């Protein structure tokens, strides 16, 4: 675990150097696509089944809608755990800007495959997530998120999974 944390820290530092070097160029090339690369701990509250998680999300800032509950955008992503469990999802997220801070709740139904990881009880699962991120520049954010995966009692069992992630968001 400590070795993987050091690798992730090294990757984050390299991305920060990249951002500082190319921030101005990227601002000119921004076409409304944002990617979120994240890593963390899947099902951290279950000592026997917790596992490292890696994932990527795509957001299209051009497809936003302003509504009475905030700015709504579609989100699509894929996550994979170290135990080969996977989750492919699509849904919506809202964005609330508070200065340089961003509060981002989302809801994304998807398809879950347990691999050799935790059996969540059904193929269809629902992910509710809350992310807090900080604007590092006009095209880069760093954040922390928490989510809960559940099948809403579609299956015979519904153990759910709680996860936390560190997020690196970049607009292109």
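Things to note:
- The set of residues in segment 121-137 being in contact (Cβ under 8 Å) with a residue 40 or more places away in the chain and out of contact with any strand residue (DSSP E or B) (no Cβ under 8 Å at 6 or more places or on another chain) consists of 137 alone.
- Entry remark, segment 125-146: residues being outside any strand (DSSP E or B) and surrounded by fewer than 19 Cβ atoms within 10 Å (Cβ to Cβ) number 1 in total.
- The set of residues from segment 16-51 being farther than 30 Å from residue 84 by Cβ and either modelled with pLDDT of 90 or more or part of a loop (DSSP other than H, G, I, E, B) (or both) comprises 30, 31, 32.
- Looking across segment 74-103, the residues that are touching a residue at least 24 places away in the same chain (Cβ under 8 Å) and not in a strand (DSSP E or B) come down to 82, 83, 84, 85, 100.
- If you go through segment 92-124 and pick out every residue that is closer than 18 Å to residue 141 by Cβ and surrounded by 14 or more Cβ atoms within 10 Å (Cβ to Cβ), you end up with 8.
- Residue 149 surrounded by 15 or more Cβ atoms within 10 Å (Cβ to Cβ) and either in contact with a helix residue (DSSP H, G or I) (Cβ under 9 Å, 6 or more places away or on another chain) or touching a residue at least 24 places away in the same chain (Cβ under 8 Å) (or both): yes
- Residues considered: 170, 118. Of these, the only one that is part of a loop (DSSP other than H, G, I, E, B) and in contact with a strand residue (DSSP E or B) (Cβ under 8 Å, 6 or more places away or on another chain) is 118.
- Condition met for residue 106 (touching a residue at least 12 places away in the same chain (Cβ under 8 Å) and either at positive phi or assigned to a loop (DSSP other than H, G, I, E, B) (or both)): no
- For residue 138, the conditions (1) modelled with pLDDT of 95 or more; (2) farther than 23 Å from residue 48 by Cβ all hold with the exception of (1).
The values are calculated or read from the model by the stated rules, or taken from the named source; none is laboratory data. Remember, predicted model here, so these are calculated numbers, not experimental data. Here Cβ is always computed from backbone atoms with ideal geometry, including for glycine, and neighbour counts include all displayed protein chains.
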